[in-house]
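One structure is given here, and the rest of the page talks about it.
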Amino acid sequence: MELRELNAWDVSPGEARTIQRELAPRIIRDGEPGEVQRIAGVDSGLPGGRARAVVVVDQFPDLVTIETAVAECELTFPYVPGLLSFREMPAVVEALRRVQATPDLLIVDGQGIAHPRHFGIACHIGLMVDRPTIGCAKSILVGHHDPVGDEVGDWQPLIYKDEVVGAALRTRPRTKPVYVSIGNRISLESAIDWVLACGRGYRLPIPQRQAHSLASPPRAPSGPG
């Protein structure tokens with residue numbers, strides 16, 4: 001897969017925050033994916049103190065895996081909340097470059113614009129691939145929401161500094177919601193619809209769930225979006 005070159009990765013935390021602020025205005029916060037034949041799930045973990053990134057490409061609508069790309073690299077960036085991109089993206093970039101079946105839509109395990117500087121890892125990936133990209137996180141990084149109903153598809157706006165930055169979405173009864181936000185080139189409403197379309201009874205969308213199982217072995221540490 002071809003990727004845009006956006007920034008260097010060997011930077012300080014202060015420089016990383018500046019890069020996020022400079023890139024955030026380039027995110028397109030609306031749109032529809034159009035005809036979707038392939039959906040990628042993207043996740044990264046830290047097994048053995050190394051960054052391990054996985055991209056699983058599934059055929060849609062049956063969600064059968066047609067390709068899996070894996071890459072690992074040494075960790076060189078410190079753990080800093082809100083700067084996950086700079087800790088794990090070097091491995092993600094390498095995994096994305098190895099993908100042959102270019103996806104029409106990507107679902108990333110992490111935050112999109114639901115981020116202190118409106119530029120989580122899903123935005124970084126979405127801007128690099130220039131394709132519709134969704135952030136689907138398992139926990140909140142910023143913001144608050146009202147209680148979410150118990151039915152699959154119920155959701156509440158995720159509010160940060162008086163702005164809707166995402167949605168707390170119920171994808172499975174009697175489980176915690178997931179936190180959906182725009183990565184790039186998609187509206188929030190469309191992002192919610194696609195997460196639900198790929199859920200099939202699980203809490204996480206199937207492509208993301210598949211990538212997560214390969215990126216994060218049992219008891220491997222992970223960081224927020």
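Numbers for the structure displayed
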{"item": "Coordinate range along principal axes, alpha carbons of the stretch 102-157, Å, largest first", "result": "36, 25, 15"}
{"item": "Given charges at Cβ of Lys, Arg, Asp, Glu: the stretch 1-80 dipole, positive-most of PRO78, LEU6, ALA24", "result": "PRO78"}
{"item": "Residue with peak Gaussian network fluctuation, the chain [Cα springs, cutoff 10 Å], from GLY126, GLY14, GLY201", "result": "GLY14"}
{"item": "Span from the the stretch 1-78 Cα centroid across to the the stretch 152-195 one, whole angstrom", "result": "19"}
{"item": "Residue-averaged 222 nm ellipticity for the chain, from DSSP H runs of 4+ at -39500 (n - 2.57), nearest 500", "result": "-7000 deg cm²/dmol"}
{"item": "Cα-centred dipole magnitude for the stretch 68-144, charges only on beta-carbon of K, R (+1) and D, E (-1), debye, nearest 20", "result": "160"}
{"item": "Pairwise centroid distance, computed over Cα atoms, of the stretch 198-214 with the stretch 118-140, Å", "result": "16"}
{"item": "Dipole magnitude of the stretch 13-215, debye to nearest 20 (Cβ charges: Lys/Arg +1, Asp/Glu -1, about Cα centre)", "result": "500"}
{"item": "All-pairs alpha carbon distance profile, the stretch 13-215, 5 Å steps from 0, percent", "result": "1, 9, 17, 22, 22, 17, 9, 3, 0"}
{"item": "Percent breakdown of C-alpha pair distances by 5 Å bin, ordered from the shortest bin, for the stretch 8-89", "result": "3, 12, 17, 15, 17, 17, 12, 6, 1"}
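Where a number appears in this text, it was derived from the coordinates with a stated rule and is not lab data. The shown structure was predicted, so the numbers you read here are calculated from the model rather than taken from an experiment. Methodologically, a virtual Cβ is constructed for each residue, glycine included, from the backbone with ideal geometry; neighbour enumeration extends over all protein chains shown.
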